[in-house]
Amino acid sequence: MTLAPEAGPTTGRELKIVRGACPHDCPDTCAMLYHVVDGKLVDVKGDPDHPMTKGGLCVKLKNFPEHHYQADRVLHPLRRVGPKGAGEFVRITWDEALAEIKQRWTEIIDVYGPQAIMPHAYLGHQGVLNGLTSGDAFFNRLGATVAEKTYCESGSSTAWHMTVGPTGGLDIESMAYSTYIIVWGMNMTSTNLHGWPFLLKARKENGATIVVIDPVRTRTARQADWHIPIRPGTDGALAMGMIHEIIAQGLVDTDYVEKYTVGYEELAERAAKYPPERVEEITGVPADDVRKLAREYATTQPAAIRQGVAIERSRGGGQAIRAITCLPALVGAWRYVGGGTMEMPIWEFPTLFDKICKPEWIPEGTRVVNELELGRALTGELALDPPIKSLFVYNSNPVSQGPEQAKTMAGLMREDLFTVVSEHFITDTARFADLVLPATMQAEQLDIMVTWGHLYISLNQPAIEPPGECVPNSELFRRLAKTMGFTDDYWDRTDEEMLRDFHDWNHPALKGITYDSLKETGWARLNVGLPHERAPHKEGNFPTPSGKCEFKSSLAERGNFVVPVWRSMYDEFQPGEPIDPLPDYVPPLESPDTNPGLAKKYPLNIVSPKPHAFLNSQYGNASDKQEVQGEQRVWIHPDDAAERGIATGDVVKVFNDRGSFTGPAVVADIVIKGVVMANVGHWQNKASGNTVNVITSGEHNTLGKAGVYSDNLVDVAKVEDPAIAS
Ligand SMILES: Nc1nc2c(c(=O)[nH]1)N[C@H]1C(S)=C(S)[C@@H](COP(=O)(O)OP(=O)(O)OC[C@H]3O[C@@H](n4cnc5c(=O)[nH]c(N)nc54)[C@H](O)[C@@H]3O)O[C@H]1N2
Ligand SMILES: Nc1nc2c(c(=O)[nH]1)N[C@H]1C(S)=C(S)[C@@H](COP(=O)(O)OP(=O)(O)OC[C@H]3O[C@@H](n4cnc5c(=O)[nH]c(N)nc54)[C@H](O)[C@@H]3O)O[C@H]1N2
Ligand code: SF4
Ligand SMILES: [Mo]
């Protein structure tokens, strides 16, 4: 550690410890202790008293102080001087930047109207104040195009709402009391590191069996008692097969089903279509394993299912989550502490998203553009009137993390597009900006962190002064509001006043917790029952329209709607296409069954899960993290590699009609035959050019319009001369 504190009696320098919380889009939301000496952040530790964090942070947050002081950090507003995409900028003042924004936006609004301006945000920061909804009030007031933010979790959240309603479900800490645990489509030891010890405790103390369902033998699968490899996008068939078998083997908890569920008969009729042999054909999971999994799951109570977001990443992902979420009610697992399923407990936090987002400011008739279609929107493929003439990006890196990378980049190259990006670094997206605005990092700003992985609320207090001219998103939108002449008192409040206003402090979940108490303690457990006694659906009590677990969903009548992870203005639900009220297997968009022509041309299914050492694309530019993560490698099964003459270390090209990227191959049977894997999050550079999302389609899944990152066919070929690989 280069910044070792020299505080102490011998130096006379004082070590100040400030309570904080990790800013990231990660289910662990760790409680942190900032160590500050002479106004400098010298160390960041996990809070040893926090029941999840237990004193440890992950590899991504190693050297977090240095992250704040990284030499290439954006510290001042910048204006583009080179061609678009070249990343050549000069420093300007905030006044100049704001004046330019005002001038360009006023011209655009005069000619095209405010909907020609589109914001683009995701979860670069997860705070209530600075997170993905921090600009909503401003852009709603402006009358800009409403950006539909479905990068992640909207499929899961929609499916969850339809089945069990906005409940926190099973607490990760209660999983220490489970005896059978299915980790479904989640690489917990990378993506939910602080949740994993509760499973290990269950194994050690209760003899629990841990099952992992994943097409890849991940670091998590390797530690499981049973790894079930599955074809991507076919989880719905496996879950329907389990329902079939639970019924066929007479393992239904009929008392629980009668009292606390609706639609059992219809579900049973639907599940009858999925005998184990058919499930084997679809999923690649042997029929006997389907039978065994169903039997063990139903009969080893309390049984828990930890659902990963990855299940939603193909066309039928939402419906798969519907089917999986029906399982605990079918076998009565909710009766027990440690039984049930966990998707994301965010719904327990009484954050007042309407007060943050001001949906009532959206002018009637304002259009909605989905962020996954950014490339289509910018290139004119999506017929938009008016066209998008200005894009404002914050908390997101769509070139890296969005689909259809080539299209997005082509759109960002448009000379007539005025692009503003608020950032920490010149990312793959910021490279295309006309203006870059400097944003603060977590040790420099105030925020309340709610989370989608546990039941603790935390207050992150600023520990050091912002460097240069960096501002938090809250201040950014205050400045923009003033620049655009908005006089609403929304922007007259300080950050602390906003945070106080954005929560319902009288809500039972916050009983005994106040803003002031959080200043002292840093974090507090919501008042929703303790892990060793919590069984929220022991007697039903599902927050659905019927009050029961809805195998047959009454919300389906509304037509397709989106429940985004961070409840925002879509809380009202936007009715769309009719949807199936019953769970089912919906095959992937790109598979030999649904698109045989394409499958012939591109026979391999790519999955692009999370990098161990980066947080999406964050830290992808840090050399210590790159060292851990390695290059943008491509994992391929030995049979598929042999057919193509590929050996480990060969540079390969991964391609489909949307584009290509290159990287060294790793030939290993950790991926099933027919599947290749490349992690998302690497940054573009001269050596590798495009990154994995160049091959990703901009289609959506059938529930909640989530992205289909696991539903893409490609082929892989050896690059004979890597020097000329594009
Ligand atoms: N280290 C690290 N941690 C992170 C993040 C990060 O970038 N890095 N990102 C955070 C965010 S935003 C999120 S949403 C979570 C996501 O965390 P997870 O839910 O764990 O999601 P992924 O890492 O995308 O994929 C998890 C596993 O699902 C498998 N998988 C892919 N497709 C399918 C499928 O169709 N079916 C099944 N059964 N499995 C499939 C992949 O092989 C992978 O091993 O992680 C969070 N935590
Ligand atoms: N192929 C593939 N693509 C995926 C996924 C996948 O599994 N595979 N996962 C999807 C998922 S689950 C997710 S959640 C998305 C994530 O997509 P993003 O949220 O776009 O991912 P990040 O890489 O975290 O980028 C966020 C950017 O916000 C910036 N930022 C951080 N804090 C602040 C702040 O306080 N203010 C401002 N102005 N900027 C800030 C960071 O520097 C970073 O560049 O990616 C999706 N894309
Ligand atoms: S990224 Fe996740 S695991 Fe790592 S410190 Fe932050 S909250 Fe904890
Ligand atoms: Mo995510």
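Listed values for the stretch 238-252 are Karplus-derived 3J(HN,Hα) couplings in whole Hz (6.51 cos²θ - 1.76 cosθ + 1.60, θ = phi - 60°), namely 5, 5, 5, x, 5, 4, 4, 5, 4, 6, 4, 8, x, 9, 6, and x replaces Gly and Pro.
Packing-based ranking of 293-302, 368-377 yields 368-377, 293-302, ordered from highest to lowest mean Cβ neighbour count within 10 Å.
For T209, the amide hydrogen comes within under 5 Å of the amide hydrogens of Y180, I181, counting only partners 5 or more places away or on other chains and with H modelled in the peptide plane. Annotation: amide H-H contacts under 5 Å for D43 (H modelled 1.01 Å from N, sequence separation of 5 or more, or interchain): H35. Taking the helices alone, the chain has a mean residue ellipticity at 222 nm of -7000 deg cm²/dmol, built from -39,500 (n - 2.57) per DSSP H run of at least 4 residues and averaged over all its residues.
Separation of the stretch 134-151 from the stretch 627-656 is 40 Å, based on Cα centroids. Diffusion coefficient (Stokes-Einstein, Kirkwood radius over C-alpha pairs, 25 °C, 0.890 mPa s) for the stretch 331-428: 144 µm²/s, rounded to a whole number. Using the alpha carbons alone, the radius of gyration of the stretch 596-725 stands to its Kirkwood radius in an Rg to Rh ratio of 0.96. Which FRET efficiency, nearest 0.05, do V111 and D492 yield, Cβ-Cβ r, R0 30 Å? The computed FRET efficiency comes out at 0.45.
Based on C-alpha pairs under 8 angstrom that are at least 6 apart in sequence, the chain has a relative contact order of 20 percent. Where both partners of a DSSP beta bridge lie in the stretch 596-725, what percent of those bridges are antiparallel, to the nearest 5? Around 75 percent of the beta bridges assigned by DSSP in the stretch 596-725 are antiparallel ones.
Counting other Cβ atoms within 10 Å as a rough exposure proxy, the listed residues H120, H68, H227 run H227, H68, H120 from fewest neighbours to most. About its Cα centre, the chain has a charge dipole of approximately 900 debye under the convention of +1 per Lys or Arg Cβ and -1 per Asp or Glu Cβ, with nothing else charged. For the chain, give the share of DSSP beta bridges that are antiparallel, in percent and rounded to the nearest 5; count only bridges with both residues there. Roughly 50 percent of the DSSP beta bridges within the chain come out antiparallel. Reducing the stretch 340-393 and the stretch 267-313 to their Cα centroids gives an inter-centroid distance of 34 Å. Anisotropy class assigned to the stretch 6-68 is prolate, per the alpha carbon gyration tensor with a/c at or over the 1.5 cut-off and a/b larger than b/c.
Couplings 3J(HN,Hα) of the stretch 486-492, computed from phi: 7, 10, 4, 6, 3, 9, 8 Hz, in residue order, whole Hz [Karplus 6.51 cos²θ - 1.76 cosθ + 1.60, θ = phi - 60°; x for Gly and Pro].
Over the C-alpha atoms of the chain, the Rg to Rh ratio, Rh being the Kirkwood estimate, stands at 0.95. With neighbour counts taken as other beta-carbon atoms within 10 Å, the residues E153, E107 rank, fewest first, as E107, E153.
Residue exposure proxy: R13, R104, ordered by other Cβ atoms within 10 angstrom of their Cβ from fewest to most, comes out as R13, R104. The stretch between A668 and N595 holds 23.5 nm of extra length on full extension. This uses 0.36 nm per residue minus the Cα-Cα distance.
The order of the peptides 78-84, 602-608 by mean Cβ neighbours within 10 Å, most packed first, is 602-608, 78-84. A Förster distance of 35 Å, applied to the separation of the beta-carbon atoms of D38 and V59, puts the FRET efficiency at 0.80. For the stretch 68-217, compute Rh as the Kirkwood radius over C-alpha pairs and then the Stokes-Einstein diffusion coefficient at 25 °C and 0.890 mPa s; write the answer in µm²/s, rounded to an integer. D, rounded to a whole number, is 120 µm²/s. For the pair E415 and E469, a Förster radius of 22 Å applied to the C-beta separation gives a FRET efficiency near 0.20, rounded to the nearest 0.05. Here the Karplus relation 6.51 cos²θ - 1.76 cosθ + 1.60, evaluated at θ = phi - 60°, turns the backbone of the stretch 308-322 into coupling constants of x, 5, 4, 4, 7, 7, 8, 3, x, x, x, 5, 5, 5, 4 Hz, with x for every Gly and Pro.
We did not get these values from a lab; they are worked out from the coordinates using the rules stated. Predicted, not measured: the structure shown is a model, and the values here were computed from it. Every residue, glycine among them, receives a Cβ derived from its backbone with ideal geometry; neighbour counts consider all protein chains shown.
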